[in-house]
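Notes follow once the structure below has been shown.
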Amino acid sequence: MRRPSLSRSFGLLLCLITIAFGSVAVGLGAESAPDASAASAFDWRAFLAPFHTVTLHLPIGFVTIAVILEIYWFFRRSDALRQALGLVLWVSGLSAVVVTLLGFFRASDGGYEPEMLEHHEHYGVAVAAVTMVLALVHTMAFAGGKTRKGLAAVYRLLLVADVGLLTIAGHGGGNLTHGSKYLVEGAPAWAKEWLAKREEEVAPGTEPGAAGAGSGEAKAGIYATIIQPAFEKKCYSCHGPEKQKSDYRMDTAEGLFAAGDSELEPIVAGRPLESYLVEMITLPEDDDYAMPPEGKDRLTPEETMAIIQWIWEGAKIDS
């Protein structure tokens, strides 16, 4: 009797683990609406959600390894290499499923631009599905040490498609986390100018980067020269048009003055000491509530004082 190949056995095991993990995830989701008696129950989704960030690079790495091994196989063909490739693909599939489930937990926290989030979720699910199918087709195409040319061709097409889906999904996740311009933040000045012109061509009549008042009115004074640029550089990635953590948005006049989840007024004109925004930006860097949070670029003392002065003088953002 022929012994089952390592990749096929491991693939079956990973399928079972994936089904089990999915069942647990569905169960956790069903428990996400606690009643009064379970108000103090441990929130597993909140605990697991941050691990999406920790694990999201795993499928990218494993699929990249699979591509490298597939290319190498054309030069050094062997059954051992093919079995190793099958193992890598099954691990890729499992990691993609886990990352996708954790991503749904992360998205349930809210604070993301809905259309962009939906786009990222669709591609994330596509990556998980295609990667699992990819591993299955590879196992069928090369089972028993024999190559089934038709299935092998399908497998390689799926591998190319998977790389493309991973690229799109990864870029979408970067946009959600860091903003749509994170790839060009450190670009040369000429590149930024070219991109600004392209944006102006797409949306004529708008001023790139000037979202402060949410209108075409010109801004002048301390807000335009110091505060709005500081907000754009250090705050918009979490509280801008594409992501609104704690349901607070800073790139529009309405959002800037509207209370978020805290239900505290962020800006009280003429009263900086009663403004929740001032409290957040003046907390010690290691405080859990400090803004921007630890690891992010902090406001300079000059920027902080400018914000306090601006609020003291009435917090006006138009001319």
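Data overview
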{"quantity": "Summed side-chain charge close to Q309 - residues other than Q309 whose Cβ falls under 14 Å, Lys, Arg +1, Asp, Glu -1", "calculated": "-1"}
{"quantity": "In the stretch 102-193, GluC sites (Glu not before Pro) in a DSSP loop with at most 14 other beta-carbon atoms within 10 Å", "calculated": "E185"}
{"quantity": "Cut-off under 5 Å, modelled amide H: who pairs with Y112 long-range", "calculated": "Q244"}
{"quantity": "Cα→Cβ-extended label distance, 7 Å offset, between L273 and L69, nm", "calculated": "6.5 nm"}
{"quantity": "Computed E for Q309/H122 - FRET, C-beta separation, R0 51 angstrom, nearest 0.05", "calculated": "0.65"}
{"quantity": "Table column - 3J(HN,Hα) (Hz), the stretch 66-76, Karplus curve with 6.51, -1.76, 1.60, x for Gly and Pro", "calculated": "4, 4, 4, 5, 5, 5, 5, 4, 5, 9, 9"}
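Laboratory data are not the source of any read-out in this text; all were calculated from the coordinates shown. Note that this is a predicted model, so its numbers are computed, not measured. All Cβ positions, glycine included, derive from the backbone under ideal geometry; neighbour counts span all protein chains shown.
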